[in-house]
Amino acid sequence: MNWISECKSESAWNCLKVRTAVSQLKGWALNSRCLGAAGAVLLAVLISAACGPSGTRYFTLLVPKAPAATGPKTRFILQIEHFDAPDLLRDSRIIYYTSPTQLRYYQRDRWVSEPGEILSELALKYFAETELFQQVYPYPAPTPADYTLRGRVFDFAGIAYGKNDLGKAGEARLGLELDLIATEQNKVVWSARLTDTEPAQKNNVQGIVNAMNAAAERLFQQAYGGISQAVESNASQKQDHAH
C-alpha cells in the first residue's frame, strides 16, 4: 500500500464559529483583570486550532545517542550557529519525493519546526551530552567561544518511489554540511559533507520519521568522530606548548 496521503480541506465552518465566539469575547477579555496576556494567547490558540489544517500531526527527532563520557574531554567552549537551509527546506511541512524530479508535501503531517532549527537544536544537545567540550552554547555564546560549528541542511525528505533495502517503497534521506571553525582565527579546522539514506520500516509518515531519526544519529556520530579528532589534537598541541 502506498503511504502517500492527501490532506483534507480545512473546516471553514469551525473557523467561522470560533471567530464569531472570539469577537464576542474580545470586549470582555480586554476589560477583565483575570485574563490579561493569558487571554490574548488563549484567543490566538482558539483561532489557530480551528482555522489551521484539520487533524495536523507534528513530529520531531530524537537526540542521537552520545558516546559514553566521564567528564569534559577538553576545556574548550563550543557555540553552534542556527543551521542554514535552501528555501525548499525553510518550511515545517514534511517533504516526500514521488520521483527523482517531483516532490510533494504532507499537508497534515509537519515537523515541529523547519529542518535547520531541528538539526541545530539536536547538535546543541548532542555535543553537550558527548562532553567533548567544557560548555556548549547556541550562537552567540555568552562567553568567548573557542570553536564555532556552522551547518547547512541540503536534504531532509522522504522517498516514496523505488524499493529500499527491505523491499518496500519508503526511505528517509538526510544531507548536512558542517564546518568547525577556530573562532579567534576564523579558520576552518574540520569540514564535511555528510549524507545518509535509511529504509523505512513502515510505509507511512511515522516510518519516514523513524528512518530520519536513524539517519540523523548516523550523521552526528560521523561528525563527532571528525570533530573530536580535530579538537583533541588541538588540545594536545596546547599542552605540549605549555610544557
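The values are calculated or read from the model by the stated rules, or taken from the named source; none is laboratory data. Every value quoted in this text rests on a predicted model; they were computed, and no experiment measured them. Cβ atoms come from the backbone with ideal geometry, glycine included; neighbour counts cover every protein chain shown.
So that you can scan it fast, the table gives a plain yes or no per residue for (1) of a type in the set (Phe, Trp, Tyr); (2) at pLDDT 95 or above; (3) more than 17 Å from residue 195 (Cβ to Cβ); (4) not in a loop (DSSP other than H, G, I, E, B):
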{"site": "116", "(1), (2), (3), (4)": "no, yes, no, yes"}
{"site": "124", "(1), (2), (3), (4)": "no, yes, yes, yes"}
{"site": "127", "(1), (2), (3), (4)": "yes, yes, yes, yes"}
{"site": "144", "(1), (2), (3), (4)": "no, yes, yes, no"}
{"site": "149", "(1), (2), (3), (4)": "no, yes, yes, yes"}
{"site": "167", "(1), (2), (3), (4)": "no, no, yes, no"}
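In summary, residue 101 fulfils each of the numbered conditions (1) without any contact (Cβ under 8 Å) to a residue 40 or more places away in the chain; (2) more than 16 Å from the chain's Cα centre (by Cα); (3) surrounded by 14 or more Cβ atoms within 10 Å (Cβ to Cβ) with the single exception of condition (3).
For the range 192-238, the set of residues classified as farther than 16 Å from residue 120 by Cα and either among the small types (Gly, Ala, Ser) or outside the structural domain of residue 172 (by TED's automatic domain parsing) (or both) consists of 200, 207, 211, 214, 225, 226, 228, 230, 233, 235, 236, listed by residue number. A residue that is out of contact with any Phe, Trp or Tyr (no Cβ under 9 Å at 6 or more places or on another chain), on the phi > 0 side of the Ramachandran plot and part of a loop (DSSP other than H, G, I, E, B) occurs nowhere in the range 100-114.
When 106, 126 are checked against the criterion of being among the aromatic types (Phe, Trp, Tyr) and touching a Cys at 6+ places or on another chain (Cβ under 9 Å), a single residue qualifies: 106. Just wondering, is there one or more residues in the range 171-187 that are of a type in the set (Lys, Arg), free of Cβ contacts under 8 Å to residues at least 40 places away in the same chain and not in a strand (DSSP E or B)? So far as the range 171-187 goes, no, none of its residues is of a type in the set (Lys, Arg), free of Cβ contacts under 8 Å to residues at least 40 places away in the same chain and not in a strand (DSSP E or B). In summary, residue 217 fulfils each of the numbered conditions (1) assigned to a helix (DSSP H, G or I); (2) at pLDDT below 95 with the single exception of condition (2). Of all residues in the range 210-234, those that are touching a residue at least 60 places away in the same chain (Cβ under 8 Å) have Cβ atoms under 7 Å from Cβ atoms of residues that are of a type in the set (Lys, Arg), 6 or more apart or on another chain, in 217/65; 232/73.
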